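Please read the structure below before turning to the comments.
The values are calculated or read from the model by the stated rules, or taken from the named source; none is laboratory data. Source: prediction; values computed, not measured. No Cβ is skipped: glycine too gets one built from the backbone with ideal geometry, and neighbour counts run over all protein chains shown. These accessible areas exclude ligands, DNA and RNA; they are computed on the full protein's heavy atoms, side chains included. Shrake-Rupley method; radii C 1.70, N 1.55, O 1.52, S 1.80 Å.
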Amino acid sequence: MDFIRDARRAGFDWISVDLMYGLLDQTVDSVRRDLDVITEHEPTAVVCTKLHLRSYSDTRTGVAGVQPAAWQLPAYRDRRVRQGHRWPTLAEQYQMREVLTEGLRAGGYVEHPTMYFARQGKGPEVWKSIMVDQDRQEAEVAIGLGGSSSCRRSEAITDVDRRRYVQAVEAGRLPLGSATRFSDAAQETRAVKMALSSLQPLRDDLHARRFPGRSLFARPWSERFATLADRGLVTLDPAARRVALTPAGEVLVEAVINTDLDDPAWLPTTAGTSS
């Protein structure tokens, strides 16, 4: 964990670590050892991710590459087994997840909403607010294969092909794979979804300030939030002009954002212009 010590010496006050489980030759005991290292060095946040052996198109997780990752190819997985390696069983993967979840909670981390852990007082209202708070939503810049950079009006994804990425960098070019400009309607929809992910109440005054003439208590938002309220996922406060997630809504916030607030049947449009 030299990089954590180096990052602290460099003055970074927010350090996040990704922990993957389900890796080749990984065991429950090795996950426990990884957890011990993490809790010893106490990074600000920890993201736990399972290695998916199925393709991105099936799982909708990870980076959509130009071709399946090696571990997603049955021939590769079978060859590794013949070479004496082993993939963790499903039961072992569940045990790994339990070890990480219980260990991080015991170490003073709070989970949000699933397998994202932050230290006490550093919850989503802090670590997401720089990018997704209603009255800020600052630009985010990402580097590396498949990195997603975005601002209020557009989004750019870096190339997922390693060779093309390196060639572009060495030639002094941005290694972009795609760039998308959000329509006005898409900007509004994205702003609501991102702000909601911080688990903080949505304020109608902030929404109207950014999108003049629009309101969370008028169509189409009023209809969608009314449906969520009927299901016990949000509470509506017309007097204070606020929309807040219930405890159940906080647990299911990813589903609320990606399913209930991403329905073409009621959204004006979410299409952008790609180049």
Among the candidates ARG181, ARG173, residue that is open to solvent by 50 Å² or more (accessible area, probe 1.4 Å) and in contact with a Lys or Arg (Cβ under 8 Å, 6 or more places away or on another chain): ARG181
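Residue by residue through region 229-249, note down the ones that are under 24 Å from TYR116 (Cα atoms) and crowded, with 16+ Cβ neighbours inside 10 Å. Give the steps one after another, and end with the answer.
Step one: filter region 229-249 for residues under 24 Å from TYR116 (Cα atoms), giving 232-234, 243-249.
Once the filter is applied, which keeps residues that are under 24 Å from TYR116 (Cα atoms) and crowded, with 16+ Cβ neighbours inside 10 Å, region 229-249 yields LEU233, VAL234, VAL243, ALA244, LEU245, GLY249.
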Members of region 20-35 that are under 21 Å from the mean Cα position of the chain (by Cα), open to solvent by 20 Å² or more (accessible area, probe 1.4 Å) and closer than 18 Å to ARG105 by Cα: MET20
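Where residues in region 36-46 are open to solvent by 70 Å² or more (accessible area, probe 1.4 Å) and assigned to a helix (DSSP H, G or I), which of them is farthest from ARG119 (Cα to Cα)? Before the answer, list the steps.
Going through region 36-46, the residues open to solvent by 70 Å² or more (accessible area, probe 1.4 Å) turn out to be 36, 40, 42.
Pick out the ones that are also assigned to a helix (DSSP H, G or I) and you get 36, 40.
On the way: ASP36: 16, GLU40: 13 Å.
Of everything passing the filter in region 36-46, ASP36 is farthest from ARG119 (Cα to Cα).
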Subset tally (residues that are surrounded by fewer than 16 Cβ atoms within 10 Å (Cβ to Cβ) and touching a helix residue (DSSP H, G or I) at 6+ places or on another chain (Cβ under 9 Å)) for region 148-168: 2
Residues of region 98-124 satisfying the condition of being open to solvent by 70 Å² or more (accessible area, probe 1.4 Å) and modelled with pLDDT of 90 or more: GLU98, GLU102, ARG105, ALA106
Hits in region 142-155 - residues which are outside any loop (DSSP other than H, G, I, E, B) and either at positive phi or free of Cβ contacts under 8 Å to residues at least 24 places away in the same chain (or both): SER148, SER149, SER150
Region 1-19 - residue that is outside any loop (DSSP other than H, G, I, E, B) and without any contact (Cβ under 8 Å) to a residue 12 or more places away in the chain and, of those, surrounded by the most Cβ atoms within 10 Å (Cβ to Cβ): ALA7
Candidate set from region 156-198 (those that are of a type in the set (Gly, Ala, Ser) and part of a helix (DSSP H, G or I)); member that is modelled with the highest pLDDT: ALA168
